[in-house]
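Values in this text are rule-based calculations from the coordinates and carry no lab data. Only a predicted model underlies this, so the values are computations on that prediction, with no experimental measurement involved. Heads up, the Cβs are rebuilt from the backbone with ideal geometry, glycines too, and the neighbour counts pull from every protein chain shown.
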Amino acid sequence: MHNTLLYLVTVLIWGSTWMAITFQLGVVEPVLSVAYRFALAALMLLLYCGLRRRPLRFSRRDHLFILAQGASLFGVAYWLFYLATQSLTSGLVAICFSSVVFMNVLNGRLFLGRPVRASVLAGAAVGVVGMGLVFWPELASVQAGSGALAALGTGLLGAYFASLGNILSARNQAAGVPVLQCNALGMAYGAVLMAGLAWLSGAPLAIDLGPAYLGSLFYLALFGSVIAFGCYLSLVGRIGADRAAYASLLFPIVALQLSVWFEGYLWSPASLAGIALVVVGNLLAMVSPTRWRGWLGLSARAALPGCRG
């Protein structure tokens, strides 16, 4: 699948998952909902691997890294996001998640020795400012000393664990572990970890049999986990964790458009300006410096009278 299509699928699906997560809150403790989600996703992927005869035997060292990826990305990160969603709007949780862009740049440098690309940092900075404009009313409503600040910290911590999972995925792909099998085993490890944490914390074993909960659970497992993570982590391996993470600045726009259709949200001049900045930041981060120089060179030649290419 082409990188552009992988990017679009990730953005469109994850743009809708934040609304689906709100249907997971209530009867079932967040740690159990995360366990259910990734257990179901792992079952789907393992069945597919079995039908397609994809090998699942890897070295003990690879399994340890797959376990680490599953624990961070398919376990702790989403548990923290679900907890944050109990106290914050989906827009504020999305802003927390968008910090993955910076975290991936720094963690990629720290753990993988990847260079820090100035264009990616500049694009991320512009994009985060744009996100701030889009969600400014929600940011302004957060009061110092309120539980919302603790929830924001929880969301940011979740973003850091997600970033660690991104870096571990890049390592696993570089070691020759395919994304499909790595996700299947990693989601299984993450689900087991969350189930164990639920047991240790004394969370009541419960399931909501209502159509809203079960429908959102299936959607989050199949589309939000199996398909979107498959596309996103493939991008991590192809273009790097720093540039792939820029999807986290785009999918909140999809979430807002869904809010327009289903919740009566109205676009404001500030939110439209913010979206424009996110798009500009996306161009800065995703377009290579060589291509920028080529475009600027063409523009410069075009501006000279009588100049011929």
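What to note about this one:
- Size estimate for the chain follows the Kirkwood approach: the inverse of mean 1/r over distinct Cα pairs works out to 20.2 Å.
- For the chain, hydrophobic long helices are taken as DSSP H runs at least 27 Å long by C-alpha position along their axis with mean Kyte-Doolittle hydropathy of 0.5 or more; these are 3-22, 30-51, 147-174, 179-201.
- Here the average projected area of the convex hull drawn through the C-alpha atoms of region 113-183 stands at 7.0 nm².
- Fewest neighbouring Cβ atoms within 10 Å first, the residues V120, V134, V260 line up as V260, V120, V134.
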